[in-house]
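Quick notes on the structure that follows.
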Amino acid sequence: MPQSNAYIIEIQDRAAGIVTRDQRGFRFFSSERVFDSLEGRQFRSAREAERAARAVLSERGGG
């Protein structure tokens, strides 16, 4: 089964954004203003992007 090229990143029932696969890894697209600091960032994996989104929410006192 082929791997997906896009994943929704959800943190505590909030849609943080999506990541899409490209040649260098996964690029993050924010869906909530709180996660805008990650907009356009490149990650090695979808899991790494999820960890970064969790960290953003924790820093803001939301997690």
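The values are calculated or read from the model by the stated rules, or taken from the named source; none is laboratory data. Just so it is clear, the structure is predicted and the values come from calculations on it, not from any experiment. When we count neighbours, we look across all protein chains shown, and the Cβ atoms used for this are built from the backbone with ideal geometry, even at glycine. With ligands, DNA and RNA removed, areas are computed over all heavy atoms of the protein, side chains included. Shrake-Rupley method; radii C 1.70, N 1.55, O 1.52, S 1.80 Å.
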* Name the residue, out of 50, 39, that is among the charged types (D, E, K, R) and over 8 Å from the mean Cα position of the chain (by Cα). => 39
* Counting just the residues of segment 8-24 that are crowded, with 16+ Cβ neighbours inside 10 Å and either modelled with pLDDT of 95 or more or touching a Ser or Thr at 6+ places or on another chain (Cβ under 8 Å) (or both), which one comes out nearest to residue 41 (Cα to Cα)? -> 19
* Cβ-Cβ below 8 Å, separation at least six or inter-chain, first residue in segment 32-55 and more than 15 Å from residue 15 (Cα to Cα), second in a loop (DSSP other than H, G, I, E, B): which pairs? -> 42/24
* Asked: Of the residues that make up segment 50-59, is at least one open to solvent by 70 Å² or more (accessible area, probe 1.4 Å), closer than 18 Å to residue 5 by Cβ and at pLDDT below 95?
  -> no
* **Which listed residue, of 35, 28, is outside any strand (DSSP E or B) and among the aromatic types (Phe, Trp, Tyr)** => 35
